[in-house]
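Visitor: This structure is in structure tokens; I'll ask about it shortly.
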Amino acid sequence: MSLSLPFHSLITPLSLLLILLSCQSKKQTTQESEPQLVGPTFCEDSAMVYCAEQCAFGPRTMNSEAHERCAEWIVSKFRQYGCEVSEQKASVKAWDGNTLHFTNIIARLNPEAKQRIMITAHWDSRPWADNDPDEANHHTPVMAANDGASGIAVMLELARTVNVNVPVPVNVGIDFVCFDAEDYGTPQWHSQQDESSWALGAQYFAKKIGSSPAGGGWIGAINLDMVGGQGAKFYQERFSKDYAQSIIDEVWQAANDAGYGSYFPYSAGGYITDDHKPLNEAGIPAIDIVPYYPDCEESAFGPTWHTVSDDMQHIDKNTLKAVGQTLIQYLCEL
């Protein structure tokens, strides 16, 4: 993603099972002095595992083996959690003349529901650490633990959480859309910047909505981008406010209801070119849950954005929890 206008460990199957069991055993409080949680508990430890498993493939850069293996893994996980999964494959010419072979992954949960919400994130990795403080790293691929893996991890844990709670605790259908080719936008070291070079998978999806595997019918969309960073706060992104203020209001209220209002300030951020923008332009009201670091010297997106430091050591499970539990609260309040 890019800023359009300035801002004013090895995981074994046994260990994963133990983590999931521990999350399922957590009790929700009913005390009036505590947050008024609705719905099941989001397991941040499970989301951490999904982040780590994506990173274990290496950087998921376009046209790479790691990219293809990760796609297969994402598809298998959503199917494991009861989703109907389809893949939207295509090729596109990038800003540098390379042909990118991309795959948007669409996973449908509760497919019989007529009222549907779309939750999206990108799963590809930035090919260049062009914001790294060390110029020698500017052509090094990014591991993308936060800028990529974290959003997919939250979506997978949402799918698992809803699927294992029967009856389904939400009254809407959920379409999880994993966008590809989001982070191949023009690098900072390139002489000519092109806003249209970002979010290529989302652009393609938006143009094909009438014939998309998900089938349409959405009341709105929520895009997750960099939702696992240390010290992250999610200000209200301005394209989101322009196109989908009502969804902003509902999600930020859900964060307060769930006890995570400190992560979601009622303040505006900037205009961000991200996967939600093509959806809005196609008539689907969409918001972007994306961090803003007003005091960060390295980047308003945080100190690890487009650097080689975007790794698992800089992922905070508390941030994953705040976003995941907020979304559960929002879905159950619809």
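The values are calculated or read from the model by the stated rules, or taken from the named source; none is laboratory data. In this text the structure is predicted, and so the values were computed from the model without any measurement. So basically every Cβ, Gly included, is an ideal-geometry build from the backbone, and we count neighbours across all protein chains shown. SASA here: full protein model, heavy atoms, side chains in, ligands and nucleic acids out. Shrake-Rupley method; radii C 1.70, N 1.55, O 1.52, S 1.80 Å.
Visitor: Name the single residue that is nearest to LYS208 (Cα to Cα) among those in the stretch 257-279 being open to solvent by 10 Å² or more (accessible area, probe 1.4 Å) and under 17 Å from the mean Cα position of the chain (by Cα).
Guide: Kept after step one, since they are open to solvent by 10 Å² or more (accessible area, probe 1.4 Å), are these residues of the stretch 257-279: 257, 259-263, 265-268, 271, 273, 277-278.
From what is left, the residues that are under 17 Å from the mean Cα position of the chain (by Cα) are 263, 273, 277-278.
Numbers: TYR263: 34, THR273: 20, LYS277: 15, PRO278: 11 Å.
It comes out as PRO278.
Visitor: Which residues, taken from the stretch 98-128, are modelled with pLDDT of 95 or more, open to solvent by less than 40 Å² (accessible area, probe 1.4 Å) and not in a strand (DSSP E or B)?
Guide: Correct list: TRP123, ASP124, SER125, ARG126, PRO127, TRP128.
Visitor: Quick check on this structure: which one of MET155, MET143 is closer than 19 Å to ALA322 by Cα and not β-branched (Val, Ile, Thr)?
Guide: None of the others qualify; the one that does is MET155.
Visitor: Can we say PHE57 is modelled with pLDDT of 90 or more, within 22 Å of the chain's Cα centre (by Cα) and part of a loop (DSSP other than H, G, I, E, B)?
Guide: yes
Visitor: Which is modelled with pLDDT of 95 or more, among the charged types (D, E, K, R) and under 20 Å from the mean Cα position of the chain (by Cα), of GLU72, GLU65? Can you show your working first?
Guide: On the way: GLU65 fails: under 20 Å from the mean Cα position of the chain (by Cα).
Within the list GLU72, GLU65, the selection yields GLU72.
Visitor: Oh, and also: Of everything in the stretch 206-238, what is acidic (Asp, Glu) and within 17 Å of ASN318 (Cα to Cα)? Give them in sequence order. Give the derivation first.
Guide: Of all residues in the stretch 206-238, those acidic (Asp, Glu) come to 225, 237.
ASP225, the sole residue that qualifies.
Visitor: Given the options SER86, SER76, SER91, name the one that is of a type outside the set (Phe, Trp, Tyr), open to solvent by 40 Å² or more (accessible area, probe 1.4 Å) and out of contact with any His (no Cβ under 6 Å at 6 or more places or on another chain). Full working, then the answer.
Guide: On the way: SER86 fails: open to solvent by 40 Å² or more (accessible area, probe 1.4 Å); SER91 fails: out of contact with any His (no Cβ under 6 Å at 6 or more places or on another chain).
On inspection, the qualifying residue turns out to be SER76.
Visitor: Which condition breaks for GLN203 when tested against (1) in contact with a Phe, Trp or Tyr (Cβ under 8 Å, 6 or more places away or on another chain); (2) more than 17 Å from VAL323 (Cβ to Cβ)?
Guide: Tallying (1) in contact with a Phe, Trp or Tyr (Cβ under 8 Å, 6 or more places away or on another chain); (2) more than 17 Å from VAL323 (Cβ to Cβ), GLN203 fails exactly one: (1).
Visitor: If you scan the stretch 32-68, which residues turn out to be of a type in the set (Ser, Thr, Tyr), touching a Cys at 6+ places or on another chain (Cβ under 9 Å) and closer than 15 Å to ILE152 by Cβ?
Guide: Of everything in the stretch 32-68, just one residue is of a type in the set (Ser, Thr, Tyr), touching a Cys at 6+ places or on another chain (Cβ under 9 Å) and closer than 15 Å to ILE152 by Cβ, namely SER46.
Visitor: On to the next question. Test of understanding: among SER262, SER299, which residue is at pLDDT 95 or above and in a loop (DSSP other than H, G, I, E, B)?
Guide: Every option except SER299 fails the conditions.
Visitor: Tell me which residues, restricted to the stretch 30-52, are modelled with pLDDT under 90 and either over 20 Å from LEU334 (Cα atoms) or in contact with a strand residue (DSSP E or B) (Cβ under 8 Å, 6 or more places away or on another chain) (or both).
Guide: Those that are modelled with pLDDT under 90 and either over 20 Å from LEU334 (Cα atoms) or in contact with a strand residue (DSSP E or B) (Cβ under 8 Å, 6 or more places away or on another chain) (or both): THR30, GLN31, GLU32, SER33, GLU34.
Visitor: Right, something else. Using the structure shown, decide if TRP305 is assigned to a helix (DSSP H, G or I) and aromatic (Phe, Trp, Tyr).
Guide: The answer is no for TRP305.
Visitor: Return yes when ASP295 is among the charged types (D, E, K, R), touching a strand residue (DSSP E or B) at 6+ places or on another chain (Cβ under 9 Å) and open to solvent by 20 Å² or more (accessible area, probe 1.4 Å) and no when it is not.
Guide: So ASP295 fails the test.
Visitor: Let me ask something else. If you take the residues of the stretch 39-72 that are touching a helix residue (DSSP H, G or I) at 6+ places or on another chain (Cβ under 8 Å) and closer than 21 Å to VAL92 by Cβ, which of them is surrounded by the fewest Cβ atoms within 10 Å (Cβ to Cβ)?
Guide: As a first pass, look at the stretch 39-72 and keep what is touching a helix residue (DSSP H, G or I) at 6+ places or on another chain (Cβ under 8 Å): 39-55, 57-61, 70.
Filter once more, so that each one left must be closer than 21 Å to VAL92 by Cβ: 59-61, 70.
Values: PRO59: 22, ARG60: 31, THR61: 20, CYS70: 27.
This residue is THR61.
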